[in-house]
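Working notes, structure below.
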Amino acid sequence: MKAQFMLAAMATAIVSAQYLNQTDPFALQLESSDADVDGTYLYACHAGAAIEGLCVGSTDTPSADNNSATFYHNYSTAWSMDDSPVGYLTWNLPFTGANGGVETASSPMVLTYNPVSNVAIPEMMPQSYGIATLFDSEGTLGIVSSSDDSSNNSTDRPVQEAEVLYSWYACYSFVGGYYYHALAWVTAGEPHNPSCVAVDVVRSFVQRINAVVRNVDLNRNIEVHQTQTLLEALQNRHPPVHAHVTEFWSSADNLKRETFVGIQHQTAGGTFPTLRLSTSVPKWHLATNPDVNPLKSMQVPAAFVLLMTPKYYAAAISKGLYDPANPRKFQKTINETDKLDKIVKDRIFRAEACHNNALESVGLYAAAVVAGNTAGIPMSTMNNLSVGYVASRTAYMVVYVWLQDNRRFAPLRGLFWGVGIALIWTMFIKAGLRV
């Protein structure tokens, strides 16, 4: 209990000295000419009571919810070098608070020195100070120092100028009381430890995407398979996005009953691909480029244009017999006229019938699109079904109006009609299965 109180007090008091600003979370990856080390990630590893080293892990990208691989840079806007803010590399130490909940204590990095070696070991612990660091324009971690004593003498006071140093190594060494393959710093010259290999430490940001869930009851839980729908869509991108749901929180926007779903993923150098994530009640789907486009919404007006095509075609070939003031008398006029031959008359009648048939199904199609969108059917699936419906209706129109001058094509008309209806019912069924 005493230890919990002390950690809680430190967590409250420490904001890493006066470095009050904090970056987004990031992972730390090593770059090296040594193939066994290059591409590996660093993890906080136990070195003592509330003390962590920085151990070398695998090349597998750590999951965004892996606290051991998640770091921050606390910095001050008052101190920077080459537009890179100077501050402390920190890690959040989790502990059980006095109320039984999980809390964290900010743990800045310090260097622990060995009097018989030039290899110093980075350690992270809850305290009010750390060693000054920055990330340069390439995202590489360096230590800021103004204590070069190589020119000190007995007569002149040296001028101290801050410089950024990069002397990181991966070494097999004791970290606290444990023997690890860990990050190390060589103070000068070649490392005294023969296992050390030179490395650069580069950060890889963990970014949050905000996906808006509209008109969802804030007290309603999101089901696991709904979560997986979004995650699979993200992971199927090229390159894949390593994502997971992290939290829910209320929005301060004007939209009522709106929830934000936090998604995190990692991307090298802090570069963040453009994604627009949206969700429709109550399922999730991906509405982003470049993988898929929201074609399904455009197919409804396309279907309407398509249903009007045979109507306008019939009027166009009627040789002026179509009266827009009395459109319902059109078929009677065609029946009674001698200005048109039988082939043209039959084609006009079929065009009118095709138009009427389209009117009967387009409402059902629009309702299916709404149902699919509301249920959150994956965008690619809705795109395929919607385009398929419009294509089937186009084929239906071509067969009915033109090819049926030859009656042998009549069965094709029924086939394409059936395909269109089947696609509509597929949308409804898929929507029903997801609710």
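All of the numbers you see were taken from the coordinates with simple rules; none came from a lab. Note that the coordinates shown come from a computational prediction; the quantities given were computed from them, not determined experimentally. Glycine also receives a Cβ, built like all others from the backbone with ideal geometry; neighbour counts cover every protein chain displayed.
Shown is the FRET efficiency for A422 and K339, computed with R0 = 41 Å from the Cβ-Cβ distance and rounded to the nearest 0.05: 0.50.
Does the stretch 295-434 come out rounded, prolate or oblate, given a ≥ b ≥ c as the square roots of the eigenvalues of its C-alpha gyration tensor, rounded meaning a/c under 1.5 and, failing that, prolate meaning a/b above b/c? Judged from the Cα gyration tensor, the stretch 295-434 comes out prolate (a/c at least 1.5, a/b above b/c).
Taking other Cβ atoms within 10 Å as a rough exposure proxy, F304, F205 sort from fewest to most as F304, F205. Given their separation in residues at 0.36 nm each and the Cα-Cα distance between them, S128 and V159 gain 8.4 nm when the chain is fully extended. If R0 is 56 Å, the Cβ-Cβ spacing of D65 and K332 corresponds to a FRET efficiency of close to 0.20. Between the amide H of D38 and those of S32, distances stay under 5 Å, these residues lying 5 or more places away or on another chain, with hydrogens modeled in the peptide plane. Taken along the Cα-to-beta-carbon direction at a fixed 7 Å, the label points for A188 and F349 span 10.5 nm.
Each of I317, I343 was scored by other Cβ atoms within 10 Å of its Cβ. Arranged with the fewest first, they read I343, I317. Phi-derived couplings, Karplus 6.51 cos²θ - 1.76 cosθ + 1.60 at θ = phi - 60°, listed residue by residue for the stretch 165-179: 10, 10, 9, 7, 9, 9, 9, 8, 7, 6, 10, x, x, 10, 9 Hz, with x used for Gly and Pro. Sorting 122-134, 93-105 by average packing, meaning the other beta carbons within 10 Å per residue, from highest down gives 122-134, 93-105. Quick one: Cα centre-to-centre distance for the stretch 78-125 and the stretch 130-172, in angstrom? That distance is 18 Å. Taking a sphere under 14 Å around the Cβ of S361 and counting the other residues whose Cβ falls inside, with K and R at +1 and D and E at -1, yields a net charge of +1. Taking amide H as placed 1.01 Å from N in the peptide plane, the amide H of S195 sits under 5 Å from that of Y172, each at least 5 places away or on another chain. Sorting 148-159, 187-198, 416-427 by their mean Cβ neighbour count within 10 Å, with the most densely packed peptide first, gives 416-427, 187-198, 148-159.
Close amide H pairs (under 5 Å, H built 1.01 Å from N) link A47 with E52, G53, residues at least 5 positions away or on another chain. In this rough spin-label picture, where each label sits 7 Å from Cα along the Cβ direction, the N152-L359 distance is 9.6 nm.
The ranking of L359, L42 by Cβ neighbour count inside 10 Å, starting from the fewest, reads L359, L42.
Straightening the chain between S145 and E31 buys 38.8 nm, computed as 0.36 nm per residue apart minus the Cα-Cα spacing. Once the Cα-Cα distance is subtracted from the 0.36 nm per residue extended length, the M298 to N99 segment shows a gain of 66.3 nm. For a paramagnetic label modelled on S195 (point 7 Å from Cα along Cα→Cβ), amide N atoms under 19 Å away belong, within the stretch 99-129, to 112-124. Taking Cβ atoms as reference points and 15 Å as the exclusive limit, the residues near D200 contribute a net charge of -4, counting Lys and Arg as +1 and Asp and Glu as -1.
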